[in-house]
Structures are given as C-alpha cells and as structure tokens.
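For reference, the structure discussed in these notes is given below.
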Amino acid sequence: MRIAVPTNGTRGKDEAVAEHFGRCRTFTILDESGEVVEVIENTSQHMGGTGLPPELLKKHKVDVLLCPNLGPNAIRMCEQFGIRVFMACGSKAEDLFKEWKDKKAKAATLADGCEDHKH
C-alpha cells in the first residue's frame, strides 16, 4: 500500500504538510508501516507542469491520500482513480500518517471539500 501526503519539501516523515493540496511542492509517499517509499516533486499543471495532482498520484500507484483539506473536484478525481482520501490533521507528514493508522482520520466525502474550491 502506498500512502501520499502533500508536503512542502523533501524531509520525508518530518516534512511540513502543505496547506494547499494542488500547490504542494512535493508528495511524500509512505508504506503501510509509515516508512518513506519516495518523495516526488509535484509536476502537475498547478506547478507549471502537466496533468492534475490526482493523475500524478495515480501514476505513482498511490492507494491512499492523507490531506488536511482539498477541493471536491480533487476528491472526486481521486475516487475515480481508486485513491481513498482521508482528512487528517497535523503539522508533519508523520502526524497525518499516525492519525490515519490510529483510525482517527475521516474518510473524505464531496461535502468535505474546502469552501475555497467549491464552484
């Protein structure tokens, strides 16, 4: 299982969680035991590249996305790609993973999409 967290840099589990899913600098990908598998640059169109963040996660075989907030379109697209989205809080990637591992993270629904991204 591959678990992604939107992050601000390359420090793995110790990296700060990005406030904006689509504009994060990196995605830290962990395995089910919380070990870092890889850290990937966000090369989506939001960062001057191509494609959308959920497409990038699918390309990297992500199964679960842990995120403090994201828009309903991102939730919908993740669902379409078979990526389960959970709302989790914390300042570091490791915090979000721990909340998910402890079954305290909430499975995201379209109603959970942040207000800034609802049109």
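Values in this text are rule-based calculations from the coordinates and carry no lab data. For clarity, every value in this text was computed on a predicted model and none was experimentally measured. Counting neighbours? That spans all protein chains shown, and the Cβs are built from the backbone with ideal geometry, glycine included.
If I model a spin label at GLN45 and HIS20 as a point 7 Å from the Cα along the Cα→Cβ vector, what separation in nanometres do I get?
Going by the 7 Å Cα→Cβ label model, 1.6 nm.
Would you list the P(r) distribution for segment 1-90, with all Cα-Cα distances sorted into 5 Å bins from 0 and each bin expressed as a whole %?
3, 16, 28, 31, 17, 4, 0
Students often forget the sequence filter, so: which aspartates and glutamates lie under 19 Å Cα-Cα from LYS103 once same-chain residues fewer than 8 apart are removed?
Output for LYS103: ASP31, GLU32, GLU35, ASP63, GLU94, ASP95, ASP112.
Using the Karplus curve 6.51 cos²θ - 1.76 cosθ + 1.60 with θ = phi - 60°, work out ³J(HN,Hα) for each residue of segment 90-103 in order, rounded to whole Hz, and write x for Gly and Pro.
x, 8, 10, 3, 4, 5, 5, 4, 4, 4, 5, 4, 7, 6
Taking springs between alpha-carbon atoms closer than 10 angstrom, which of LEU56, LEU65, LEU30 fluctuates most in the Gaussian network model of the chain?
So, out of LEU56, LEU65, LEU30, the one fluctuating most is LEU56.
Please give me the summed charge of the neighbours of GLY82: other residues whose Cβ is under 14 Å from its Cβ, Lys and Arg +1, Asp and Glu -1. If you can, show how the numbers build up before the last one.
Values: positive: ARG2, LYS58, LYS59, LYS61, ARG76, ARG84; negative: GLU55, ASP63, GLU79.
Residues close to GLY82 contribute a combined charge of +3.
Quick one: putting +1 on the C-beta of Lys and Arg, -1 on the C-beta of Asp and Glu, what dipole do you get for segment 3-110 around its Cα centre, in Debye to the nearest 20?
Working: 15 positive and 15 negative charges, 55 e Å.
Computed about the Cα centre, the dipole is about 260 debye.
What residue among GLY48, GLY12, GLY90 shows peak mean-square fluctuation when the chain is described by a Gaussian network model with Cα springs under 10 Å?
Among GLY48, GLY12, GLY90, the largest mean-square fluctuation in the Gaussian network model of the chain belongs to GLY48.
With a 10 Å cut-off between alpha carbons and a GNM built on the chain, which of SER33, SER91, SER44 moves the most?
Comparing SER33, SER91, SER44 in a Gaussian network model of the chain, the most mobile one is SER33.
Cα to Cα, under 27 Å, and not fewer than 8 places away if on the same chain: which lysines meet these conditions relative to LYS104?
Straight-distance partners of LYS104: LYS13, LYS58, LYS61, LYS92, LYS118.
Less than 9 Å Cβ to Cβ from THR7, Lys/Arg counted +1 and Asp/Glu -1: what total charge do the surrounding residues give?
Numbers: positive: ARG11, ARG25, LYS92; negative: GLU15.
Charge balance in the 9 Å sphere: +2.
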